[in-house]
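Colleague: Can you keep this structure in mind? I'll have questions shortly.
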Amino acid sequence: MHRIIVAALAAAFLGAGVYFTNVSFTVAQEATLYKNPQCGCCEAYADYLRDNGFTVTVKPTHELVAMSREAGIPDDFQGCHLAFIDDYVVSGHVPVATVNRLLSEHPDIKGVTLPGMPMGSPGMSGAKTEPFTIYAVGDGKPSVYAVE
């Protein structure tokens, strides 16, 4: 009888071990998003990130231009809000596929930007009328990182 109980307990623990090795735990990626206090599309972009598994803290500021410059984003390439995710800056309404690519590839850049406020981009109303060109920013001139 003792052997049966030991065997049953061993099987239960092994079964649990096999079960737990097949479980993956996902931790939401944290983002801090800086935006103009009155901007509604920036709030919509924060919600878009949340809907795609990010934990987002929104911080209103009137210093976006200066913060963007300090983050390495030239004036002509700035978006309407600025997010810091992992060790990268994400400026503007960048689609989450590009954000996820950035986080998985870990390129040697400061971040990515989708300049302006393109209609139909994540968080913006209207229909998408053309592909979005997302630029990599770093120490040199911005270069195309993705076209979506």
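The values are calculated or read from the model by the stated rules, or taken from the named source; none is laboratory data. Since this is a predicted model, take the numbers as computed values, not measurements. Counting neighbours? That spans all protein chains shown, and the Cβs are built from the backbone with ideal geometry, glycine included.
Colleague: Could you list, in sequence order, the residues of the stretch 10-57 that are modelled with pLDDT of 50 or more and in a loop (DSSP other than H, G, I, E, B)?
Modeller: Residues satisfying the conditions are 27, 28, 36, 37, 38, 39, 52, 53.
Colleague: Let me ask something additional. Can you run down the residue pairs with Cβ atoms below 6 Å, 6 or more apart or on separate chains, where the first is in the stretch 109-126 and touching a residue at least 40 places away in the same chain (Cβ under 8 Å) and under 14 Å from residue 41 (Cα atoms) and the partner is hydrophobic (A, V, I, L, M, F, W, C) and not in a loop (DSSP other than H, G, I, E, B)?
Modeller: Sorted first by the residue in the stretch 109-126, then by its partner, the pairs are 123/41; 123/44; 124/41.
Colleague: Give me the pairs: first residue in the stretch 53-71 and among the small types (Gly, Ala, Ser), second residue not in a loop (DSSP other than H, G, I, E, B), beta-carbon distance under 7 Å, and six or more apart or on different chains, which are they?
Modeller: 53/29; 68/82; 68/91; 71/82; 71/89; 71/111
Colleague: Got at least one residue in the stretch 97-107 being loosely packed, with under 13 Cβ neighbours inside 10 Å and either assigned to a loop (DSSP other than H, G, I, E, B) or basic (Lys, Arg) (or both)?
Modeller: Among the residues of the stretch 97-107, at least one is loosely packed, with under 13 Cβ neighbours inside 10 Å and either assigned to a loop (DSSP other than H, G, I, E, B) or basic (Lys, Arg) (or both), which makes the answer yes.
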